[in-house]
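The values are calculated or read from the model by the stated rules, or taken from the named source; none is laboratory data. Just so you know, these numbers come straight off a predicted model, no measurement behind them. Here the Cβ positions follow ideal geometry from the backbone for every residue, glycine too, while neighbour counts run over all protein chains shown.
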Amino acid sequence: MAERPYVIDRLISAKSIAARIEALCLEIRAEYSGADKIVVVGLLRGSFIFIADLVRELDMAVEVDFIEASSYGDAMESSREVRILKDLRSGIEGRDVLVVEDIVDTGHTLNHVMGLLNARAPRKLMSIALLDKPTRREVDFRADWIGFEIPDEFVVGYGIDFAQRNRNLPHIGKVRFTEE
């Protein structure tokens, strides 16, 4: 099956992302001010660039771990069935944890992961998402911090892919399919 041709229209610039991360980190540092160290858990794969920029800006002791959950595969629509493909390497019981997600769409993935991690009895468990599409929400879940609220558009860049392409863009772009 041939890939449909598309173009990418810039939605959020790299400078806007950097400025928003700086502002979010001020709030996160204040929330976790009494923490000895926080465990920053990135949801792979889309969050890897966001988590890297976030921990560099946090200016506090962090431990980084990853969990990989999937409800999309290579599709543009969520299957709503969340599968854990890779779990954490270390325990989080009694620890301060911040879960980092690239985008909250239907809410199924982050809701599932937060429930899974909460059952492991962390001292504090909070979440941050770079992007939020509230009009697509199917479960009652909202991340504690949101970078940008966006319309119901299919986006790529800054770690977010379309069939494993366009993760390397320094900005967030909207995918627009074209006719050949």
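For this structure, a couple of remarks:
- The sole residue among ASP36, ASP53, ASP65 that is in contact with a Leu (Cβ under 7 Å, 6 or more places away or on another chain) and closer than 23 Å to MET114 by Cα is ASP65.
- Among the criteria (1) among the basic types (Lys, Arg); (2) in contact with an Asp or Glu (Cβ under 8 Å, 6 or more places away or on another chain); (3) at pLDDT 95 or above, the one ARG45 does not fulfil is (3).
- Considering residues of segment 152-170 that are surrounded by fewer than 17 Cβ atoms within 10 Å (Cβ to Cβ) and in contact with a helix residue (DSSP H, G or I) (Cβ under 7 Å, 6 or more places away or on another chain) only, the residue farthest from ALA23 (Cα to Cα): ASP152
- Applying a threshold of 7 Å to beta carbon distances and a minimum spacing of six or more residues, or different chains, the list of pairs starting in segment 111-130 at a residue that is within 11 Å of GLU101 (Cβ to Cβ) and ending at one that is modelled with pLDDT under 95 and among the aromatic types (Phe, Trp, Tyr) reads ASN111/PHE141.
- Selection of strands (runs of 3 or more DSSP E) fully inside segment 68-180 by the criterion of at least 3 residues being modelled with pLDDT of 95 or more and among the hydrophobic types (A, V, I, L, M, F, W, C) returns 96-104, 124-132, 145-149.
- Being under 14 Å from VAL99 (Cα atoms), surrounded by 14 or more Cβ atoms within 10 Å (Cβ to Cβ) and more than 14 Å from the chain's Cα centre (by Cα) holds for only one residue in ILE8, ILE28, ILE67, ILE12, and it is ILE28.
- Test result for ILE17, part of a strand (DSSP E or B) and either within 19 Å of ASN166 (Cα to Cα) or among the small types (Gly, Ala, Ser) (or both): no
- Failed condition for LEU26, given (1) in contact (Cβ under 8 Å) with a residue 60 or more places away in the chain; (2) outside any strand (DSSP E or B); (3) not polar (S, T, N, Q): (1)
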